[in-house]
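The values are calculated or read from the model by the stated rules, or taken from the named source; none is laboratory data. None of these values were measured; they are calculated from a predicted model. Neighbour counts run over all protein chains shown; Cβ positions are idealised from the backbone, glycine included. These area figures cover heavy atoms from the full protein model, side chains too; ligands, DNA and RNA do not enter into them. Shrake-Rupley method; radii C 1.70, N 1.55, O 1.52, S 1.80 Å.
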Amino acid sequence: MNIKPRDPFAPATDQNGADIATQAERWKAERFTPQADAGREAKSFVTDVGIQIKPLYTPADLDCVGFDYLEDLGFPGEFPFTRGDRAGMNRTDPFVISAYSGFGDAEICNGRFRKLIDIGTEQILVALDLPTQCGYDSDHEMATAEVGNVGVAIDTLADIELLFDGIPADSIKRIGTLGNSIGPIVLALYAALGERQGIGWDRYTVNLQNDPLKEYIARGTQILPPAPAAKLAADAVEWCAAHAPNWSPMTVCVNHINAGGAGSSMGTAIALANAQHYIDLLLARGLTIDAVAPLLHMFPDERHDFFISVANLRALRRIWARMMKETYGATTAAAMACRTTVYGHGQEALAEPLNNIARTAFGTLAYVLGGASYVYLAGYDEAVSTPNEESARVALRTLQILANEHGFRDTIDPLGGSYYVETLTAEVEQQIRAGMAEIERIGGALPVIETGYGRRVMTEGAVRRQRAIDSGARPWVTVNMHPQKPDVPNSAFRGDKTAADRQLARLARVKADRDGKRCATALAEVDRASAEDRNVVPAVLEAVRAHATVGEIVEIWRRRFGTFVPSTDF
Amino acid sequence: MSAINPMQARNRKIRVLMAKVGLDGHDVGARVVARGLLDAGMEVIYTGLRRTTEETVRAAIEEDVDWVGVSILSGAHRTLLPKLRRLLDEQGASDIRIIAGGVIPQEDIAELLAGGVSRVFLSGTSVSEIVDYLIAETRHD
Amino acid sequence: MQPGEPRQIARAISTVENQSDGYEAILAQAYRLPRWAEVIGVTGPPGVGKSTLVDALTAHWAQGGERVAVLAIDPSSPYSGGAVLGDRIRRVRSGSYDNTYFRSLSSRGHVGGLSATATDLVAVLSLHRFSRVIIETVGAGQSDIEIQSTADCTVVVTVPGLGDGVQASKAGMMEIGDVFAVNKADLPGADLAARTIENALSAAYMGTAGVNAGASPATSALPSAMATPGIAALQRRHGDIARDTSVWVPPVLPVVATEGRHIAELARVIHQFLGWSDSNGRRADRSRERAYAQILRALTTRLLAPYTRPAGTEQWPETVADWIDRVASGGASPIEAAVEIMTAQRNKTAANG
């Protein structure tokens, strides 16, 4: 490799002075095109994000995208952080092996957590059931048939205590949950958990997704209108800045937006617009960007094309660094370095589910090579249920294999400098920036939701994907290639009836035993803080200590802020 | 005017209510199918997320649809689909038929078909398969 | 509503919309009603919250015990003829009232902001004892022109930040509104949006919002010849201050439909307009316009039936088949063809006796 800054108008040359671009054209015409013309190209080579992949990449392609090593890559842990958000990356500071898990009630789920930790899980993100995520208690009418189905039911502090019974908050690297529409409540629950376990907030790390804005277009657990929802999410971040600066109270997500059809580049643009919305709210409260930015993580996602995935992670870090420095005036490396959480997926299929082990491993490998910090891997049965014990173990073992066998983390940014990967990184960056410019034109993150723009982008993309599958343009083994009948096991999403009954009994007991007056007073203060536009976290913390339920707190917000009704765009 | 009534065939459109019942918020599948039905010339009424079965039944009746398509991914199908069928029948709308899509275990499919669901399409079914089914099975009265 | 009633209404609407067996009988009965439901049209560009406003108005009137029906119209696909109808997503407040009915309609290729059968459906809903029908137009702007003759009162909805109202006037929205609503009035720029519309209106109207006494000695001297075609249209609907004894100046109201704020106020102004147009015969004028349009449509359909190619067929109707190639290859003008075709058809009818 002999890459140095070039005059963009000078043609790339090799050491013998031959013009590489001309040579590449010659090679293509003489050698490659006859092969292609003979009908030996198996597919279209258009990626899910729409970038057309060439048969060969050379230094001439780097010239085309204006590649400049020092400006575009630099060094790991230094601006613009393309090669890594940390100096040592996986060599000294390996990605954190993480598990997303939760089902039934706290009692049964606690057993699973202990097993996961036994076999090497370093971080647990709690999967909540839909009633909890949507702010309904287990005894609410809307919770019928949903308690404990796709995650664990959490109604009060008693549930969280039981969930982490025998698992001290500081015994693993991070604990946390999604709680996108109930951010301040889950934050308060985890803060109160430390209090109950006698562990100071500075001694453990809580990670939350707490990214309500993507719910409106992608995931569907939204409760309040977007503006107050974002405000409450920002409250959680602001509280952490003051009381638990080592926590990660917000993870801004691409994954659901991409999975819903936007594609990883547009999904990244929308997620970055969401991040900017939260950041702007926090800066308006007087916080500095150097204090705010390190509290935010990004959650990139690309599950179709391996090298686009690598490129996306690298482009994201570069864009984030420049955005923080140039738009927001960040001065510290911690503020400019984009830390990433990823969840390894492939195109998982219902038929022959064990094949999904290979798919998710490859999808995750791209993230590892791209330099992700916190890595989860989907269970092979995740398309049909909350992972069973075996698939959770296989996911974890796959991560351990990726981390320790094959030498995947022996050197930093191993694909850096590849003509192909650097060209894709530049092209993906361009796509993301174009998306961001478009979003800025329509007015930012909230109009993406309110005007139906986000939904339209996603529907178009989802339809395009479906057509690519239906037509065979995107090969999918066991679906459109060697098709097999889908096989949904009978265990799929089976709510555990006994778990739901236990949960309802525990909720009734907690409500009967709690100090009703203390709880009512605390809830009234939540309402006052919400009405007066104060940070709600202190009031919510006192309410969860008083065993107020998730549903009771959310109900206050529903009355105070109203509920969200989506745009009629389809 | 008696000899020609070209309107008879011309104005009849297959109407489908696409419903999300329960709390599951993943509606990519529903949206992709809706687009496919649109492309096949059908009229698709979309009611949005988190609708109760009662709301869904009322919408189906007011909109006079031929089909209610329910997409479920959270496992609540065994409770919600039979209830939907029962409520439709109670309101004299037994001619409005139900198709279900999503992730539904094999052993539940027989139970759902017996309970008044006309057809179950698993995730990954091609849109044209659904379109063909609806065109073939819609009753033209 | 009685048990089974929504089902009957829905079936009747399908019968008329599809023009399937029995639709003529239904319409014959419906058009014999002495008085129809009051029709409120809600129109405006995309994204201004029409559906939410319709929902809020429906809930408002339903709460007072009225039977309220909504016809929400979305565009059809020009290629497939299908449609995705999403307005029902916004049926949030009104959905809890049994005395309401909501129907999503596709425009089914009809241009003008409504569906071809919208007026017929108002008749059907009147037959089913609805006292009020709210029609939400497609919302494509300029082309949503039909609502002004279909509705007894047309509400034009806008929001702050829509190009300072320029868009509304460009889209021809200024000429069709009896009442204007600035939705999302809690957003910055709401006052500006309202003032912009008021300014545009003041170019055409004199007086203050609502009912104004006209034709005083002071005003009768004013020239009325300055009227542009747009202003002339307005004067026909709302009165000419130089000639008429009473003139309506469209009020501009701020509302926040999502929270139901100022909806009662909007309803009151709509009632005021309906009362005004009832008392001076302008509502009857509008009914006549509507009747004329309907007769014309019925005539068109029937007169053209022998020459219309059935949808989904490639076959030219027998009546015109001979002329297709002649006109296409330069053998005759379309007008010559039409004259000949009509003559032939007339002779055929005469021969059949």
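Given the options A:Val463, A:Val554, A:Val477, A:Val550, name the one that is over 30 Å from A:Val237 (Cα atoms), modelled with pLDDT of 95 or more and within 14 Å of another protein chain (Cβ to nearest Cβ). Among A:Val463, A:Val554, A:Val477, A:Val550, only A:Val477 is over 30 Å from A:Val237 (Cα atoms), modelled with pLDDT of 95 or more and within 14 Å of another protein chain (Cβ to nearest Cβ). Residues in the stretch C:112-126 that are hydrophobic (A, V, I, L, M, F, W, C) and assigned to a helix (DSSP H, G or I): C:Ala118, C:Leu121, C:Val122, C:Ala123, C:Val124, C:Leu125. For the stretch C:315-330, the candidate set comprises residues that are open to solvent by 50 Å² or more (accessible area, probe 1.4 Å) and outside any helix (DSSP H, G or I); within that set, the residue that is nearest to C:Ala344 (Cα to Cα) is C:Trp316. Evaluated against (1) hydrophobic (A, V, I, L, M, F, W, C); (2) open to solvent by less than 50 Å² (accessible area, probe 1.4 Å); (3) under 25 Å from C:Ser80 (Cα atoms), C:Leu304 falls short on exactly one condition, (2). State whether the residues of the stretch A:369-376 include one that is closer than 18 Å to A:Gly102 by Cβ and crowded, with 19+ Cβ neighbours inside 10 Å. So far as the stretch A:369-376 goes, yes, one or more of its residues are closer than 18 Å to A:Gly102 by Cβ and crowded, with 19+ Cβ neighbours inside 10 Å.
Taken over the stretch C:97-106, residues that are out of contact with any helix residue (DSSP H, G or I) (no Cβ under 8 Å at 6 or more places or on another chain) and surrounded by fewer than 22 Cβ atoms within 10 Å (Cβ to Cβ) amount to 1.
Hey, could you check the stretch A:124-144 for residues that are part of a loop (DSSP other than H, G, I, E, B) and more than 8 Å from chain B (Cβ to nearest Cβ) and say which is nearest to A:Tyr204 (Cα to Cα)? The selected residue is A:Ala127.
Rundown of residues vs (1) open to solvent by less than 10 Å² (accessible area, probe 1.4 Å); (2) aromatic (Phe, Trp, Tyr); (3) without any contact (Cβ under 8 Å) to a residue 24 or more places away in the chain; (4) assigned to a loop (DSSP other than H, G, I, E, B), yes/no style:
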{"residue": "B:Met18", "(1), (2), (3), (4)": "no, no, no, no"}
{"residue": "B:Leu23", "(1), (2), (3), (4)": "yes, no, no, yes"}
{"residue": "B:Val33", "(1), (2), (3), (4)": "no, no, no, no"}
{"residue": "B:Val44", "(1), (2), (3), (4)": "yes, no, no, no"}
{"residue": "B:Pro82", "(1), (2), (3), (4)": "no, no, no, no"}
{"residue": "B:Ile98", "(1), (2), (3), (4)": "yes, no, no, no"}
{"residue": "B:Glu111", "(1), (2), (3), (4)": "no, no, no, no"}
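Output the residues belonging to the stretch A:69-92 that are of a type in the set (D, E, K, R) and surrounded by fewer than 17 Cβ atoms within 10 Å (Cβ to Cβ). Selection gives A:Glu71, A:Glu78, A:Arg91.
The rows are residues; the columns are (1) surrounded by 13 or more Cβ atoms within 10 Å (Cβ to Cβ); (2) closer than 28 Å to C:Arg288 by Cα.
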{"position": "C:Gly4", "(1), (2)": "no, no"}
{"position": "C:Ile9", "(1), (2)": "yes, yes"}
{"position": "C:Ile13", "(1), (2)": "yes, yes"}
{"position": "C:Gln19", "(1), (2)": "yes, yes"}
{"position": "C:Leu27", "(1), (2)": "yes, yes"}
{"position": "C:Val39", "(1), (2)": "yes, yes"}
{"position": "C:Val42", "(1), (2)": "yes, yes"}
{"position": "C:Gly47", "(1), (2)": "yes, no"}
{"position": "C:Thr52", "(1), (2)": "yes, no"}
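Residue pairs whose Cβ atoms lie under 7 Å apart, sitting 6 or more positions apart in sequence or on different chains, and linking a residue in the stretch A:392-410 that is under 18 Å from A:Arg112 (Cα atoms) to a partner that is surrounded by fewer than 18 Cβ atoms within 10 Å (Cβ to Cβ), are A:Arg393/A:Ile119; A:Leu396/A:Ile119; A:Leu396/A:Gly120. If the condition is being closer than 17 Å to C:Arg90 by Cβ, of a type in the set (D, E, K, R) and within 7 Å of another protein chain (Cβ to nearest Cβ), then the stretch B:24-55 contributes B:Asp27, B:Glu55.
For (1) part of a loop (DSSP other than H, G, I, E, B); (2) of a type in the set (Val, Ile, Thr); (3) surrounded by fewer than 20 Cβ atoms within 10 Å (Cβ to Cβ), each residue gets a yes or a no:
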residue	(1), (2), (3)
A:Glu146	yes, no, no
A:Asp155	yes, no, no
A:Asp165	yes, no, yes
A:Pro168	yes, no, yes
A:Ile172	yes, yes, no
A:Gly176	no, no, no
A:Ser181	yes, no, no
A:Ile185	no, yes, no
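Tell me whether the stretch C:167-177 contains one or more residues that are modelled with pLDDT of 90 or more and touching a Pro at 6+ places or on another chain (Cβ under 6 Å). Looking through the stretch C:167-177, at least one residue is modelled with pLDDT of 90 or more and touching a Pro at 6+ places or on another chain (Cβ under 6 Å).
Tallying residues that are open to solvent by less than 40 Å² (accessible area, probe 1.4 Å), of a type in the set (Gly, Ala, Ser), in a helix (DSSP H, G or I) and under 16 Å from C:Lys184 (Cα atoms) within the stretch C:223-279 yields 1.
Of the residues making up the stretch A:241-260, those that are in a helix (DSSP H, G or I) and either crowded, with 24+ Cβ neighbours inside 10 Å or outside the structural domain of A:Arg441 (by TED's automatic domain parsing) (or both) number 5.
Pairs meeting the criteria (first residue in the stretch C:188-204 and β-branched (Val, Ile, Thr), second residue in a helix (DSSP H, G or I) and open to solvent by less than 70 Å² (accessible area, probe 1.4 Å), beta carbons under 6 Å, at least 6 apart or on different chains) are C:Thr196/C:Gly165; C:Ile197/C:Gly165.
Given the conditions (1) outside any loop (DSSP other than H, G, I, E, B); (2) of a type in the set (Phe, Trp, Tyr); (3) without any contact (Cβ under 8 Å) to a residue 60 or more places away in the chain, report the number of the one that A:Tyr100 does not fulfil. Among (1) outside any loop (DSSP other than H, G, I, E, B); (2) of a type in the set (Phe, Trp, Tyr); (3) without any contact (Cβ under 8 Å) to a residue 60 or more places away in the chain, the lone unmet condition for A:Tyr100 is (3). Cβ separations smaller than 7 Å between residues 6+ apart or across chains give the following pairs from the stretch A:464-479 residues that are of a type outside the set (D, E, K, R) to residues that are assigned to a helix (DSSP H, G or I) and open to solvent by 40 Å² or more (accessible area, probe 1.4 Å): A:Val477/A:Asn355; A:Thr478/A:Asn355.
Consider C:Ala72 carefully, then state whether it is open to solvent by 10 Å² or more (accessible area, probe 1.4 Å), under 17 Å from the mean Cα position of the chain (by Cα), in contact (Cβ under 8 Å) with a residue 24 or more places away in the chain and within 11 Å of another protein chain (Cβ to nearest Cβ). Spelling it out, it is not the case that C:Ala72 is open to solvent by 10 Å² or more (accessible area, probe 1.4 Å), under 17 Å from the mean Cα position of the chain (by Cα), in contact (Cβ under 8 Å) with a residue 24 or more places away in the chain and within 11 Å of another protein chain (Cβ to nearest Cβ). Could you tell me whether the stretch A:451-459 includes any residue that is out of contact with any His (no Cβ under 7 Å at 6 or more places or on another chain), more than 9 Å from chain B (Cβ to nearest Cβ) and under 29 Å from A:Val152 (Cα atoms)? No: the stretch A:451-459 contains no residue that is out of contact with any His (no Cβ under 7 Å at 6 or more places or on another chain), more than 9 Å from chain B (Cβ to nearest Cβ) and under 29 Å from A:Val152 (Cα atoms). Restricting attention to the stretch A:47-68, the residues being open to solvent by 50 Å² or more (accessible area, probe 1.4 Å) and polar (S, T, N, Q) number 1.
Output the number of the condition that A:Ala539 fails; it satisfies all remaining conditions of (1) part of a helix (DSSP H, G or I); (2) within 14 Å of chain B (Cβ to nearest Cβ). So A:Ala539 meets the others, but not (2). Condition first: open to solvent by 50 Å² or more (accessible area, probe 1.4 Å), hydroxyl-bearing (Ser, Thr, Tyr) and either assigned by TED's automatic domain parsing to the domain that holds A:Ala227 or touching a strand residue (DSSP E or B) at 6+ places or on another chain (Cβ under 7 Å) (or both). Can you find one or more residues in the stretch A:443-462 that meet it? Scanning the stretch A:443-462, I find at least one residue that is open to solvent by 50 Å² or more (accessible area, probe 1.4 Å), hydroxyl-bearing (Ser, Thr, Tyr) and either assigned by TED's automatic domain parsing to the domain that holds A:Ala227 or touching a strand residue (DSSP E or B) at 6+ places or on another chain (Cβ under 7 Å) (or both), so the answer is yes. For C:Tyr23, the criteria (1) closer than 28 Å to B:Gly41 by Cβ; (2) surrounded by fewer than 19 Cβ atoms within 10 Å (Cβ to Cβ) hold in every case but one, which is (2). Among all positions in the stretch A:100-108, there is no residue which is open to solvent by less than 30 Å² (accessible area, probe 1.4 Å), among the aromatic types (Phe, Trp, Tyr) and away from every other protein chain (no Cβ under 14 Å).
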